[in-house]
Amino acid sequence: QIKDSATLTRDVLEQHFSDLKGTLKKLLDERLMSLLQEVDVIEQESIKPLDECQKLIEHGVSTADDLLREGESAVDGDVGQQNEKLCNFTKKALHIQLDSLPEVPSLVDVPCLSAQLDDCLLTILKNQIFRHGTVASRPPVQLEEFVEKPGGILVRWCKVDDDFIPQDYRLQYRKSTASHFEDVYVGSETEFIVLHIDPNVDYQFRVCARGDGRQEWSPWSVPQIGRTTLVPHEWTAGLEGYSLSSRRNIALRNDSQSCGVLYSKAPTYFCGQTLTFRQTVGQPDRRDSLGVCVEQRNGDDSLQRDKAVCISTNGAVFVNGKEMTNQLPAVTSGSTVTFDMEVVQLGPCNNEGGNFKLRVTISSNNREVVFDWVLDQCCGSLYFGCSFSYPGWKVLVF
């Protein structure tokens, strides 16, 4: 682990500083190009009026030259031609203003370009570069525990650096066959249930944290392998009145007038596990139900029946069809309802049956009820189900 992490750290450092060099060179080249363009613009704008002034002066000198030669020619000619040439020369000389020249700017008014380069940039960069980057011998957070869930894994992590004050955590995972990690959770909690996990497949997990008031993330924890052997919970497909997601772990009560209980595909809930429902609410009805049962039974419109325990959407708890005195808060959108059960056996359990007691804990909106559910047969696993009278209800099970 030490050699592998050291090699990886070297590679990361070399790649990072190589990228920085390339980016810094690109930025310097862009700045140089910008300054050179400024020089070009100032040069062109400043020299243009001087060029025009020079052209005017040269034109005036050339005109005076031509006029001088014409005057000399007029003087040198015979008497008959002299009068005509002198007359033409005089007319031309009157039309040309030889004493008029454009104003030439003084030397101090003419731009003189120079570059101002402050060496303090090197000092600033030097100080920043020498403080850039750190090497940590161990991350401030580490993965602590993996708990198998049906079609998921509950991942827990903890802080191992007493001086580190976390603000947020970031959990990533990938299949063992994948090349890239992907974010699955960012927040302040120290545990998260990762769903959509294929059973009996290895997944790699890693976690990092962001210090209080900081923007950058800490180094990643040591990647660890997690897996689940439990098949995911699925609703039964094909029941009119309910539409299912592609993974069949989400059921939506549709607009169909047909009603009935939607059961799980198989008895995948085992005692000792936590069964969780998370829902989006629709219009409630007193016959609505979320719960578990010993067997699937067609023809019922609710789990408020024998061999079943459930909670209604108004918070009422039913055991074998009878409403309990204790009541939970009404189900709300985004809230979770959980069922936990453990076996408390009374008398022998054999093929002929016998007293079989389960201690049931139902939790909803930070409140819970605990009771004993007596059955006349051993139940190693249970079905779960739901029923809603009106459309709009959506239930995720995990």
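The values are calculated or read from the model by the stated rules, or taken from the named source; none is laboratory data. None of the values given here were measured: they were computed from a predicted structure. Every residue, glycine as well, gets a Cβ built from its backbone with ideal geometry; the counts of neighbours run over all protein chains shown. The area values use the complete protein model at the heavy-atom level, side chains included, leaving out ligands, DNA and RNA. Shrake-Rupley method; radii C 1.70, N 1.55, O 1.52, S 1.80 Å.
Numbers below:
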{"item": "Alpha-carbon centroids, the stretch 201-272 and the stretch 144-195: separation in whole Å", "result": "15 Å"}
{"item": "Loop-located GluC sites (Glu not before Pro) in the stretch 175-264, at most 14 other Cβ atoms within 10 Å (DSSP)", "result": "GLU189, GLU216, GLU240"}
{"item": "Residue-averaged 222 nm ellipticity for the chain, from DSSP H runs of 4+ at -39500 (n - 2.57), nearest 500", "result": "-9500 deg cm²/dmol"}
{"item": "0 to 90° range, to nearest 10: angle between helix 79-95 axis and the chain longest Cα axis", "result": "30 degrees"}
{"item": "Where N is the number of residues in the stretch 1-131, Cα Rg divided by 2.2 N^0.38 Å", "result": "2.42"}
{"item": "Heavy-atom accessible area per residue - the chain, 1.4 Å, Å²", "result": "63 Å²"}
{"item": "Cα-based convex hull volume of the stretch 242-397 per residue, rounded to whole Å³", "result": "105 Å³"}
{"item": "For the chain, the spread of Cα positions along each principal axis, largest first, Å", "result": "156, 60, 37"}
{"item": "Degrees between helix 120-131 axis and first principal axis of the chain (Cα, 0 to 90, nearest 10)", "result": "20 degrees"}
{"item": "Reduced Cα scattering model of the stretch 173-269, Debye log10 I(q)/I(0), q = 0.16, 0.21 Å⁻¹", "result": "-0.83, -1.07"}
{"item": "Relative contact order for the chain, counting Cα pairs under 8 Å that sit 6 or more residues apart, in percent", "result": "12 percent"}
{"item": "Those residues of the stretch 156-177 whose amide nitrogen sits under 14 Å from the label point placed on GLN204, 7 Å along Cα→Cβ", "result": "172-177"}
{"item": "When the convex hull of its Cα atoms is projected in every direction, mean area for the stretch 141-228 (nm²)", "result": "5.4 nm²"}
{"item": "Flagged links, alpha-carbon separation over 32 Å, of LYS175/LYS265; LYS322/LYS394; LYS3/LYS175; LYS25/LYS159; LYS307/LYS394", "result": "LYS25/LYS159"}
{"item": "With all protein chains modelled, accessible area of PHE17 [1.4 Å, Å²]", "result": "80 Å²"}
{"item": "Solvent-accessible area, 1.4 Å probe, carbon plus sulfur percent, for the stretch 242-397", "result": "44 percent"}
{"item": "The stretch 1-66: Rg to Rh, with Rh as the Kirkwood radius over Cα pairs", "result": "1.66"}
{"item": "Burial ranking of peptide ranges 367-380, 297-310 (average Cβ count within 10 Å, highest at the top)", "result": "297-310, 367-380"}
{"item": "Probe 1.4 Å, all protein chains present, accessible-area order of LYS91, LYS175, LYS3, largest first", "result": "LYS3, LYS91, LYS175"}
